[in-house]
Every structure is written in C-alpha cells, then in structure tokens.
Amino acid sequence: MRLGKLLLPVSVAALCLTSLPGARADNGEKLFVERCAMCHGADAKGSGPLAHKSNPPTPDLTTPAFRKRLADYPGVIVSSVILRPNGDLIPKTLKENGYRVPPHAWTVKDFRDLNDYMNGLIHKAR
C-alpha cells in the first residue's frame with residue numbers, strides 16, 4: 001500500500017510534465033523512425049520494408065478509421081501496441097527479418113510524444 005501512495009503523486013507529476021513543442025516533435029519522430037517506420041513506413045501508410053512480411057500485413061495508419069480510433073482513444077492505441085504487441089507478431093516479424101530494435105524504457109512523455117507525432121503525420125497524409 002505504501003508503494004501505491006508513492007506512485008500516485010509520481011504518476012500525476014509525470015502526466016503534468018510538459019516540454020517544448022519542438023522537443024516533443026523531435027522525440028516522437030525519433031521514436032517513430034527507430035521503432036515503427038520499418039513496418040509502417042515513414043509516411044505511416046504501411047509502406048515500410050517489413051510491411052508485407054508480417055501476417056497480417058502492416059496496416060495503413062492514415063485511414064479514416066485509424067484516425068478516428070486515435071482521436072477517440074488518444075494515447076491508448078500507441079501505448080497498447082507498445083506495451084502488449086499483437087501476440088508475438090511484432091517481435092517475430094522483426095527477428096525473422098534481421099531487425100534489431102534495442103530495448104527502450106518507455107516513459108509517459110515518450111507515449112505522448114509518439115502519439116503527438118503520429119497525429120501530425122497522419123493528418124498531413126489526408
């Protein structure tokens with residue numbers, strides 16, 4: 001119980017942290033390029049080099065349906081994919097194709113930055 005009392009203030013503080021917009025965009029872009037673009041492509045349209053090497057193939061994130069999901073559940077889509085990949089699909093696809101993605105200690109800021117970057121990227125693709 002004592003740990004729970006400590007985590008709540010830390011969690012609230014983490015959620016309230018803000019950074020410069022440019023820094024957020026840079027971090028979000030870096031995370032997307034390093035961890036997502038090999039499948040989703042730099043344009044998020046499912047055009048990366050591994051897009052058709054997974055089963056099912058990598059989805060196009062610029063579709064109206066995905067944009068709606070991202071808007072309806074801000075941050076949830078990004079964090080759920082990162083924290084609980086689709087079974088073993090993502091790690092298996094990367095491993096089978098020789099991609100090594102180093103471990104990353106995700107922070108709330110990282111999730112927000114990646115979500116913000118993806119929103120910008122996806123809305124530019126209209």
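Every condition in (1) among the small types (G, A, S); (2) over 20 Å from E34 (Cβ atoms); (3) modelled with pLDDT of 90 or more is met by G87 except one, and the failing one is (3).
Exactly one residue among A71, A65 is at pLDDT 85 or above, more than 11 Å from the chain's Cα centre (by Cα), among the aliphatic types (A, V, I, L, M) and loosely packed, with under 14 Cβ neighbours inside 10 Å, and that residue is A65.
For the range 11-26, the candidate set comprises residues that are assigned to a helix (DSSP H, G or I) and closer than 23 Å to P102 by Cβ; within that set, the residue that is modelled with the highest pLDDT is D26. State which residue is farthest from D26 (Cα to Cα) when the search covers only the range 100-122 and only residues that are touching a helix residue (DSSP H, G or I) at 6+ places or on another chain (Cβ under 9 Å) and not in a helix (DSSP H, G or I). Once the filter is applied, the top-ranked residue is R100. The helices (runs of 4 or more DSSP H) falling completely within the range 27-88 that include 1 or more residues that are farther than 19 Å from K109 by Cα map to 37-40, 64-72.
The values are calculated or read from the model by the stated rules, or taken from the named source; none is laboratory data. On a predicted model such as this, the values are computed, not experimentally measured, just so you know. So basically every Cβ, Gly included, is an ideal-geometry build from the backbone, and we count neighbours across all protein chains shown.
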